[in-house]
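What follows is a single structure, written as structure tokens, with notes after it.
The values are calculated or read from the model by the stated rules, or taken from the named source; none is laboratory data. Nothing here was measured: the structure is a model prediction, and the numbers come from that model. Note: ideal-geometry Cβ built from the backbone for every residue, glycine included; neighbour counts use all protein chains shown. Surface areas here come from the heavy atoms of the whole protein model, side chains and all, with no ligands, DNA or RNA. Shrake-Rupley method; radii C 1.70, N 1.55, O 1.52, S 1.80 Å.
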Amino acid sequence: MGGPDPTSELERDTLTGLPVVGEARARLRDWLEDANGDDEAPLVHAALLGLRRFETINLAYGESAGDVALAEVARRLNRFLEDDIEGEWMLARGRGGHFVIIARGPCSRERWEWLAEELADSIALPINANEGVLRLSPRIALLRVLANERADTALDRLGIALTSLQRDQNRRVQWADGEEALIGRSGAQLEADLLRAIDRDEIEILFQPQYSLSDNALVGAEALARWQHGELGLIGASALFTIAERADHLMPLSRHIAMRALELASEWPAHLRLSLNVTPADLADNRFAAQLLNVLRQTAFPPQRLTIEVTEHALLGDLRTAQRSLQQLAEQKIEVACDDFGAGFCNFRYLKVLPIGAIKLDRSMVEGVLDDSRDLEVLRAIIALGKALRLKLIAEGVEDEALRVLLADEGCDTYQGFLGGQPMSSRQFLELTRP
């Protein structure tokens, strides 16, 4: 069969005429059952396409324009798949601007990725509507279904990968690999597991040391979270927060991490600082500053020894609410650091309107400076900006001594990275603080 099942029994989406996503799930389940234990069975591939910030089309042009865009996307997808996919395939409509593609037949990993890139190019072409010219920003998550993997788990993996990819300004295609390849549990099960893990204090807090560049003395640590799942093993921070976002449980997870990290850091020598990451959900909540200050009181951790790290992504929502919260914290002597500086748009307006006391250079800003004079000049420009604004400069991703020496010579203040130590347990970090 070289295309979607033409039978009328399939439940279809009224707007696009495509099968609904439940039909793709059922078809995928059938294919996997057919292949159970058969080493010669055709490979099964899947993709999940999402339209980044699709809601802005509806807001700017109206829902009728959004419907035109979705119908055109469905048409382009169908045409592309008919032309380029060998073997069996099915295209289905998911919620909002999501479309699911499944295929089985001869296709290498390289070809599946190439097809996705070509498909993204097709979807990104302008769409003419009565309301104006519409431009879409597609993101596509990919996978090759693993041996003995269930259909629900495969689709959940795609969803996790796409959620991560939607935040990326530059990448359009991503494989559901690494930390995001969570095999053996459905998304709903993982979300329930996470809620229980928070209640049982099973989220482990690790600390990555930070050092002064002037004398290489230990000055503090950044708190990081990981989850040792009973069946799946280690789930790192990226996948952990993605699961929490899907479960609408970002804020409880963030509060739990803050409480545990501050409790553990209360045992440190009095000169060491703690850095905590802040999520977009935190900054969107009017109660965030009051709640964090309450946690500080409960743990007796001095506010002047705390740094909160805020990414540009976290500021893209309600900037006014974020500004109020950060100002309240800065008034209590809490340092605010702009995290991953250089990895996004580098909106310098944030340095003007927010009480930022430090900028944390993304590893991409420092990794090439030893070999590329242009990279070095960019670094020097950012350091000069930081010094002019009286900001502390923190470099991350420092992995060798030559880079550490260069950063010290150029005027950075603090560094972290594998040269100084990988993320470690609270006990290990305490041992590091002893003379």
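Tabulated results
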{"read-out": "Residue match in the range 49-64 (condition: modelled with pLDDT of 90 or more and among the aliphatic types (A, V, I, L, M))", "value": "yes"}
{"read-out": "Complete set of residues in the range 79-138 that are open to solvent by less than 60 Å² (accessible area, probe 1.4 Å), under 21 Å from residue 59 (Cα atoms) and not hydrophobic (A, V, I, L, M, F, W, C)", "value": "94, 96, 97, 98, 126, 132, 137, 138"}
{"read-out": "Members of the range 145-166 found to be open to solvent by 30 Å² or more (accessible area, probe 1.4 Å) and either of a type in the set (Gly, Ala, Ser) or out of contact with any helix residue (DSSP H, G or I) (no Cβ under 6 Å at 6 or more places or on another chain) (or both), listed by number", "value": "146, 147, 148, 150, 152, 166"}
{"read-out": "Extreme residue, most open to solvent (accessible area, probe 1.4 Å), among residues of the range 243-282 that are within 18 Å of residue 167 (Cβ to Cβ) and touching a Gly at 6+ places or on another chain (Cβ under 7 Å)", "value": "246"}
{"read-out": "Residue list for the range 192-218, restricted to those being part of a strand (DSSP E or B) and within 19 Å of residue 254 (Cβ to Cβ)", "value": "203, 204, 205, 206, 207, 208"}
{"read-out": "Which numbered condition residue 252 fails, given (1) without any contact (Cβ under 8 Å) to a residue 40 or more places away in the chain; (2) part of a helix (DSSP H, G or I)", "value": "(1)"}
{"read-out": "Residue ranges of strands (runs of 3 or more DSSP E) in the range 62-158 with at least 3 members touching a residue at least 40 places away in the same chain (Cβ under 8 Å)", "value": "88-93, 98-104, 138-144"}
{"read-out": "Test result for residue 432, part of a helix (DSSP H, G or I), in contact (Cβ under 8 Å) with a residue 12 or more places away in the chain and touching a Pro at 6+ places or on another chain (Cβ under 9 Å)", "value": "yes"}
